[in-house]
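Everything below concerns the one structure shown next.
Values quoted throughout were computed directly from the atomic coordinates according to the rules given, and no laboratory measurement underlies them. Since this is a predicted model, take the numbers as computed values, not measurements. Every residue, glycine among them, receives a Cβ derived from its backbone with ideal geometry; neighbour counts consider all protein chains shown.
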Amino acid sequence: MIIGIDMGGTHIDGAIVANGKIIKTIKNTTDRDDLFKTIWTTLQELIKDIDKGQIARIHLSTTVSTNALVENKVSKVGMIVQSGPGRNYDFSAAGDQVEFIAGYVDHRGIVIKEVAKSEISTIKDNFTKSAMESIGIVGKFSTRNPSHEIQVSEMLGDHFDTITMGHSLSGRLNFPRRVHTTYLNAAVSRTFRTFADNMEKSLEKEGINVPVHILKADGGTMDLGTAKNKPVETILSGPAASFMGLSALFSESTDGILLDIGGTTTDIFFLAHGVPLFEPLGISIGSHKTLIRAIYSTSIGLGGDSYVRMEDNNLRIGPHRAGRPIAFGGEHLTPTDAMVALGKLEATGKQQVIAALTKLAKQLKLSIQETANKILDEMVSLIKERVDASLAAINARPVYTIKELLEGKEVQPQFINIIGGPAKILAPLLAEKFHIKVKYPEEYAVANAIGAALAKPTIEINMHVDTERRKLSVPEVEIYETIEQNYSLATAQNRALEIVTDAARKLGAPKDNIEAEIVESNSFNMVRGFSKASKNIRVRAQTTPGLIYALKGKRQ
Amino acid sequence: MTKAKNRLGLVFFPAFDWAISATHPEREERLLYTQDQIFEEGIQDIDGIEFYNPGVASEKDIARVHFAVPDAASQLTQSHFIAVGGAIRAFQAVMEKEVDKSFALVRPPGHHAHRVVYGDRGFCVVNVEAVALERIRQDYGDLRVAIVDTDAHHGDGTQDIYWNDKDTLFISFHQDGRSLYPGTGGMEEFGGPAAYGYNINIPLPQGTGEEGFLYILDNVVMPILEDFKPDIIINSAGQDNHYSDPLTNMNFTAQGYAILNERLNPDMAVLEGGYSIEGALPYINLGIILAMAGLDYSHVFEPDYDAEKLKQDAAITDHIEKLAEIIYDLWQHKEELAEEHFKNKKEVTRERQIYYDTAGIMEYQVQTFTLCENCSGVNTIDSKNDEHAHIFAITTPRKACQECIDKAYALYAGLSKRAYTNIYLQDRPRDKYLSK
């Protein structure tokens, strides 16, 4: 029995899933002033009549970190950045105090210039004086060789709340993103830790001794201990939970589009061969571009409650809302009103809707029914436009080998799965516009909580092997090994799968349920002086994204 | 967020699954560290820098420029069609105003590929820039173009292709051919009868550093470009003038390449040679990208950069200053010089031996340029190699007059297949390419 809870900005949803079936669901309002209490109350309600001994684990998607950022309740962060030669960066938005230090590691992880120790002790004093609470340390190419980050961290000692080192958050190359990711992690670290400690204590008091897993933006989970060190990964896990919920409600194996149409926004996701498409580099959080792996999503300011009006002689919908639909006591027309006018939706304010539509119909020189249809058609067109633009961008993602270029793999959606208030009404219109089949589930209200419950631990690793330097590195799991000079691609791949499996186990995956896969792998001959000398091997591996299991049927 | 002053399109295609051979300088690893540097520096996140995948060039694209013997399909590998396709995509991005400038980081290079292609020479089979340029001329019309070749090796292939084309100014500065492959590139190689003075070679002494390259740029290249007023400037961006290049003996730097690109301000750049793949390419390419995008490159240095050690010898400076004066003077007097050379001539012939170092083939050819009052005239190539090929190739230039077009077709029709292994007609005005 797994408990899934997804806390969003306005609502908190909970679900209990056992043996592939939904046993219980719940929906409450989020109390933004006491997020912990919100979760705790919901959890208690959920398990009220449940035998606690049956609970295997708790999966939690929280806005604790997101909220801390939005409300600016974050730690004061001192950043130490080793940028070496290259671009001239402005990191003023990535820390309360940002210090650039000497020293440099190159693209192969070779130390070109050492850290200046006196510089670090001066910075330490400055940070202490200016009351920096949390520290981030990031070096260029630190994923290839983290020794400078570690050295600086050791020099700072335990004077500060937490220290986040850039290389530990992602093995991917992108220095500015590494800086921003590290900053965010340091900034939300204390808030999340307090929350996690609270959670642990309360569960203990309640006598629930089960692991707590936290949802990540890539639709997977991590154990609470890992989350305490990498709270940045919990940011924006909400959409990922919805996505996983959708995946649980429909089992797909081809390319497709997932739509979540709400009151104000429509979220769009894509599946390639039934597997979620990820952001190419990492998710953006506010103005911060990060290295956090996340399910690709794009959002339009378009929903049932979007503001419908004439602008420059054109019918416009959204991107903002102007209160509730007229049908439900609002003052301005919305797509929901159009649905009411067409008799697709029942509402008390139908008369007022007709009155408002009559005005608009005159301007458009159409009948009332035509006007209502036009609103819905426009809504579907806007979705199509964005889907097409996203697909064009996705299908133009850069490739680096002749094989990939000539294969020209493209995402070609075969279906649309849709959830949200207007799902049932919009489904036939979408089917007509996209010329593909559209499905919507009978029950979707707590798809996000179901998604949270069924998510499994995920990890991606980026292995780099340099047989000349006899080094193997996997920054995500802090593995830096010395290897034999004859290390091969096959050995590297096996080792990568082993590391992924092991890491997934540490994140809380059940032993017999870990699928690891190689996503990318390359071996380059490093030729020095015209003879084949050694190898530069790169392997990217991950746990296969997906669910613990598919739902067997509807609620019991 | 950083925003590029100039919108820049990048075709970054390292062809990680292609090599001439396992230990050849032109191998899978070549752009690996450049990719690392580009990724790590967050170039993908700069607002205004767009990445494009290459297209795949067609055989017709190749035929617009080359006589591949016996045909393009048998001489080119997929990687060649894609390298050209990459340059075409980059050029199109500028022509379509998707971006202000573009840089095609593709491999293998192309500037040693002449009009006739029997195989690989200087790691080149097909002239990437020239094929891309002729494609955009075909699609977008007449263009006045300057190609500035900053590779350490003389761009002899590009020189051959544009030898008699007054609308394409070719400037190559390179390590003096007396000390480096392919051996050509003296300043007396000044263009064909219809374009005398529009092929400019600047052979530089070994050990030329930042000072010398930038002196040539400021005192020869830029003034000539001001006179020529091109619609488009293309940098044939070879990177082996770098002090760490294993195949050359020059002392140029990443900073120098960046400054050069800022001042030259090319519309497009295409990667050529450069085989210091670890110590130079990551930094030069970063420098060129930032300079082209109009971003700060002042912190781009090689790990082992030492200004003092790279300081240019006074004797070299002296030599370069004199050279600059001579070459600019030649350019200013090109019309009088052409008059001297070609007055009252009906045709001009040029005999050459061309060695394909990579393929190990020797070619002997005679080019004949007819002089026409109304256009740049029909020209022909009679070429043999030491592998029993003997071809005859006829070209009617882009803006050929009707008389010359008719003459070319008559000549093609009259040639007997018995005398040659292959006969070609390149009809640029009508974009038709025949062979028998």
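Just a few scattered comments:
- To the nearest ten degrees, helix A:175-206 and the longest principal axis of the Cα atoms of chain A are 70 degrees apart.
- Averaging the sequence gap over all C-alpha pairs within less than 8 Å and six or more residues apart, then dividing by the number of residues, gives the stretch A:423-497 a relative contact order of 17 percent.
- Relative contact order for chain A: 15 percent, from Cα pairs under 8 Å spaced at least 6 residues apart, divided by residue count.
- Value of Rg/Rh across the stretch B:214-344 [Cα atoms, Kirkwood radius]: 1.03
- The alpha carbon centroids of the stretch B:69-137 and the stretch B:188-259 are separated by 21 Å.
- Taking the Cα atoms of the stretch A:253-440, the ratio Rg/Rh between the radius of gyration and the Kirkwood radius comes to 1.05.
- Amide H partners (placed H, <5 Å) of B:GLN312, local residues excluded: B:GLU211
- Stokes-Einstein D in µm²/s, Kirkwood radius over Cα pairs - the protein assembly as shown at 25 °C with 0.890 mPa s viscosity: 77
- Spherically averaged projected area in nm², based on the convex hull that wraps the Cα atoms of chain A: 29.2
- Shielding by other protein chains, B:30-42, mean Cβ within 10 Å: 6
- Principal axes of the stretch B:1-111: Cα extent on each, largest first, Å: 52, 35, 19
- Cleavage-rule hits, GluC sites (Glu not before Pro), the stretch A:54-159, DSSP coil, Cβ neighbours within 10 Å at most 14: A:GLU71, A:GLU114
- For the stretch B:54-111: span of alpha carbons on each principal axis (Å, largest first): 38, 20, 19
- Cα-centred dipole magnitude for the protein assembly as shown, charges only on beta-carbon of K, R (+1) and D, E (-1), debye, nearest 20: 3460
- Counting charges near A:THR290 (Lys, Arg +1; Asp, Glu -1) among other residues having Cβ under 11 Å from its Cβ returns a value of +2.
- When only Cα pairs below 8 angstrom with a gap of at least 6 residues are kept, the stretch A:456-543 shows a relative contact order of 38 percent.
- The per residue volume of the convex hull around the alpha-carbon atoms of the stretch B:3-334 is 118 Å³.
- Zone residues, the stretch B:109-143, relative to B:SER74, backbone N less than 19 Å from point 7 Å out along Cα-to-Cβ: B:114-121, B:125-126
- Of B:ALA315, B:ALA389, B:ALA280, the one that fluctuates the most in a GNM where chain B has Cα springs shorter than 10 Å: B:ALA315
- Kirkwood-based shape ratio for the stretch A:456-543, expressed as Rg/Rh from alpha carbons: 1.04
- FRET efficiency, 1/(1 + (r/R0)^6) with R0 51 Å, evaluated for B:HIS319 and B:SER21 via beta carbons: 0.85
- The stretch A:77-188: translational diffusion in µm²/s, Stokes-Einstein, Kirkwood Rh over Cα pairs, 10 °C, 1.306 mPa s: 117
- Nearest-0.05 FRET efficiency for B:ASP139 and B:GLU59, computed from C-beta distance (R0 22 Å): 0.85
- Spread of Cα-to-Cα distances over 5 Å intervals beginning at zero, given as percent, for the stretch B:344-435: 3, 13, 22, 22, 19, 13, 6, 2, 0
- With Cα atoms, 0 to 90° folded angle of helix A:350-364 axis to chain A main axis: 80
- Couplings 3J(HN,Hα) of the stretch B:164-173, computed from phi: 10, 10, 6, 8, 10, 7, 10, 10, 10, 10 Hz, in residue order, whole Hz [Karplus 6.51 cos²θ - 1.76 cosθ + 1.60, θ = phi - 60°; x for Gly and Pro].
- Under 5 Å between amide hydrogens, built in the peptide plane, is the criterion, and for A:PHE524 it picks out A:ASN536, A:ILE537, A:ARG538 among residues at least 5 positions away or on other chains.
- For the pair B:ASP304 and A:LYS403, label points projected 7 Å from Cα toward Cβ lie 3.4 nm apart.
- Using a Förster distance of 30 Å, the FRET efficiency for A:ARG309-A:THR29 (Cβ separation, nearest 0.05): 0.50
- Estimated vicinal HN-Hα couplings, Hz - the stretch B:54-71 in sequence order (Karplus 6.51, -1.76, 1.60; Gly, Pro = x): x, x, 10, 5, 9, 5, 5, 4, 5, 5, 4, 10, 10, 10, 7, 9, x, 7
- Taken as Cα centroids, the stretch A:371-442 and the stretch B:270-289 sit 41 Å apart, rounded to the nearest whole angstrom.
- Global dimensions of the stretch A:259-313 from alpha-carbon coordinates: Rg and Dmax equal 14.8, 43 Å.
- B:ARG430 paired with B:LYS399, simple spin-label distance in nm, labels 7 Å along Cα-to-beta-carbon: 2.1
- Amide proton proximity set for B:HIS174, modelled H, under 5 Å, gap of 5+: B:ILE202, B:LEU204
- Theoretical ellipticity at 222 nm over chain A - DSSP helices of four or more residues, -39500 (n - 2.57) apiece, nearest 500: -10500 deg cm²/dmol
- Within the same chain, aspartates and glutamates fewer than 8 places from A:LYS48 are excluded, and of the rest, those with a Cα less than 14 Å from its Cα are A:GLU206.
- Crossing angle, helix B:314-332 versus chain B [Cα axis fit, 0-90 degrees, rounded to tens]: 40
- Restricting the GluC sites (Glu not before Pro) of the stretch B:134-226 to loop positions (DSSP other than H, G, I, E, B) with no more than 15 neighbouring Cβ atoms within 10 Å leaves B:GLU188.
- Derived scalar couplings ³J(HN,Hα) [the stretch B:20-25; Karplus, 6.51 cos²θ - 1.76 cosθ + 1.60; whole Hz; x for Gly, Pro]: 5, 7, 4, 10, 5, x
- Size descriptors for the stretch A:336-398, from the alpha-carbon set: Rg then Dmax equal 16.1, 54 Å.
- Neighbour-limited loop hits for chymotrypsin sites (Phe, Trp or Tyr not before Pro), the stretch A:483-536 (at most 12 other Cβ within 10 Å; DSSP other than H, G, I, E, B): A:PHE530
- The simple spin-label model puts a point 7 Å past each Cα toward its Cβ; for A:ASN88 and A:PHE36 those points are separated by 4.7 nm.
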